[in-house]
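The block underneath contains the structure these notes are about, expressed in C-alpha cells.
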Amino acid sequence: MVDQSDVRPKYILPVIVIAQFCCTSLWFAGNGVMNDLVLDFDLKESALGHLTSVVQFGFITGTLTFAILTIADRFSPSKVFLVSALFGALFNLGVIWEANTLASILTFRFLTGFFLAGIYPVGMKIAADYFEKGLGKSLGFLVGALVIGTAFPHLLRDMTGAFPWKLVLIIISGIATLGGLVLFLLVPDGPFRKAGQKVDLSAFFSVFRNQQFRSPAFGYFGHMWELYAFWAFVPIMLKEYERITPAASFNVPLLSFLIIAVGGVACMIGGYIAQAAGTRNTAFSALLLSCACCLISPWLFSTDIPMLFVGFLLFWGMVVIADSPLFSTLVAQNAIPEIKGTALTIVNCIGFSITIVSIQLINILSTITDSRSIYSLLAIGPLLGLVALRGKQAKPSLSYDNQ
C-alpha cells in the first residue's frame with residue numbers, strides 16, 4: 001500500500017498556511033484601526049474591549065453552529081473555508097460604512113467573527129486530513145500563520161499611516177478573499193478525511209467522555225483565558241508604560257505587531273522542540289512560562305528601562321501562544337476520526353467563550369483602576385490548565401512526536 005503522505009503535493013502545507021494567514025487577518029482588523037474608529041465615530045475608549053469581545057462572541061456563535069450541524073465533517077472543508085472567507089471579508093468591509101454607529105460596527109464585527117469559525121478550526125481540520133504523521137509541526141506552522149495574521153493589521157496600519165484608515169480594512173478584506181480562493185483551488189479534500197454522514201447533536205457532549213481528549217482540551221481552555229486578553233491589551237500596555245515612563249517613546253502599532261507576531265515563530269519552533277521533549281511536556285512548559293509572565297507583569301511596569309519592558313513583552317508574546325498548536329495536536333489525535341473537525345470546533349467554541357470573560361474582566365478593571373496588577377489575573381487560566389495537564393498522560397502512540 002502506498003503511503004498517502006508520499007504522494008501528497010509538497011505545496012499543500014504552504015498553501016494552507018498562506019490561506020490561514022490571509023483569512024485570519026480579519027480577526028484584529030478593528031483593533032488595528034481602533035484609534036481611527038474612536039475618532040471618526042465618536043466612540044469611548046472602552047470600545048476596544050467591546051469590539052474585541054464581539055468578534056469572539058461571533059466566533060463562538062459560529063463554532064457552536066458549525067459544531068451542532070457538524071458542517072466541517074459533512075461538507076468539503078475547502079468549500080466551507082472559501083464561503084466563510086468571502087462572507088468574512090464582506091462583513092469586514094461593512095465597518096467602513098460612513099453612517100456606522102457603535103451598534104452597527106459591533107454587528108459587522110460579530111458577523112466577521114461568525115465566519116471566522118469556518119476558517120481557523122476548518123483550516124486545522126484540513127491540515128489534519130493531510131498530515132496524519134507530523135501533525136504537530138504542521139499545526140505549528142498553521143497556528144503561526146494565525147498569529148501573524150492576527151498581528152498583521154497593526155503592521156498594516158503602521159505602513160499606511162499617511163493613508164485613510166479605511167484602506168487597511170479594504171486591503172485585509174482583499175487578501176482574505178484571495179486566501180479563500182487559493183485554498184479552494186489548490187487544496188482538495190485530504191486523503192485522511194473521514195466524512196460524517198449526518199447531523200450528530202450529541203457530539204458536543206460525547207467528545208469529552210474520553211479523558212485523553214479532555215485533559216489537553218482543558219489545558220487549552222486555561223491557555224485561552226490568557227491569550228486573547230494579552231493580545232487585545234498589548235497596545236494599551238505599551239501606551240500605559242509610555243505614559244508613566246518619561247524615557248519611553250514607542251511606535252505602538254509596529255511594536256504591537258512584533259509582540260504578537262513573534263508568537264508565530266514560537267509556534268513553529270515549538271513543533272520541533274516537541275519532537276525531542278514530547279508534545280505534552282512542551283505545552284506544559286510553555287503554559288508555565290506564560291503563567292509566570294502574568295504574575296510578574298505588574299513589576300515590569302516599574303522598570304525605567306524601556307528596552308527591558310519591550311523585551312519582556314516580546315518573550316511573553318512567544319510563550320503565550322507556543323502551546324496552542326500542541327494542544328490542538330493532542331485534541332485532534334485523541335478525537336474520534338469521524339468527528340475530528342467537529343471536536344476541534346467544539347474546543348475552539350468553548351475556548352473562545354472563555355476569552356470574552358477575561359477580556360471583559362480586564363476591560364472593566366482598566367476603567368476603574370490604574371493598577372497594573374490587573375494583568376496578573378490572567379494567570380488564573382494557565383494555573384488551571386497546568387492542573388488539568390498533570391492528569392493521566394495520553395497514550396504515547398497518539399503523540400505526533402512519536403510518529
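Any read-out appearing in this document is the output of simple, stated calculations on the displayed coordinates, not a laboratory observation. Fair warning: this is a prediction, and the values are worked out from it, not measured in the lab. Neighbour counts are summed over all protein chains in view; Cβ atoms, including those assigned to glycine, are modelled from backbone coordinates with ideal geometry.
In deg cm²/dmol and to the nearest 500, what is the mean residue ellipticity at 222 nm of the chain if only DSSP H runs of at least 4 residues count, each as -39500 (n - 2.57), divided by the residue total?
-24000 deg cm²/dmol
I need the shape label for region 83-170. Rule: rounded when a/c is under 1.5, else prolate if a/b > b/c, else oblate, with a, b, c from the alpha carbon gyration tensor.
oblate
For a quick protection proxy, order the peptides 65-73, 247-255 by their average other-Cβ count within 10 Å, most packed first.
Taking the mean over residues of other Cβ atoms within 10 Å, the ranking is 65-73, 247-255.
Taking square-rooted eigenvalues a ≥ b ≥ c of the alpha carbon gyration tensor, is region 43-132 rounded, prolate or oblate, where a/c under 1.5 means rounded and, failing that, a/b exceeding b/c means prolate?
prolate
What percent does the relative contact order of the chain come to when contacts are Cα pairs within less than 8 Å and at least six residues apart?
Taking the mean separation of contacting Cα pairs over the length of the chain, I get 27 percent.
Would you look at the GNM of the chain, springs on alpha carbons closer than 10 Å, and say which of 157, 109, 372 moves the most?
Greatest mean-square fluctuation among the candidates belongs to 372.
Please go through the residue pairs 44/166; 137/239; 44/125; 125/239 and name each one whose alpha carbons sit more than 31 Å apart in this structure.
Over 31 Å apart, Cα to Cα: 137/239; 44/125; 125/239.
Which of 333, 211, 56 moves most in a GNM of the chain, Cα contacts under 10 Å?
211
Would you be so kind as to identify which of 337, 182, 258 lies farthest towards the positive end of the dipole of the chain, taking Lys and Arg as +1 and Asp and Glu as -1 on Cβ and the Cα centre as origin?
Of the options given, the answer is 337.
Connecting C-alpha atoms closer than 10 Å in a GNM of the chain, tell me which of 180, 49, 311 has the biggest fluctuation.
311
Between 0 and 90 degrees, rounded to the nearest ten: what's the tilt of helix 77-93 against the longest Cα principal axis of the chain?
Tilt relative to the chain: about 20 degrees.
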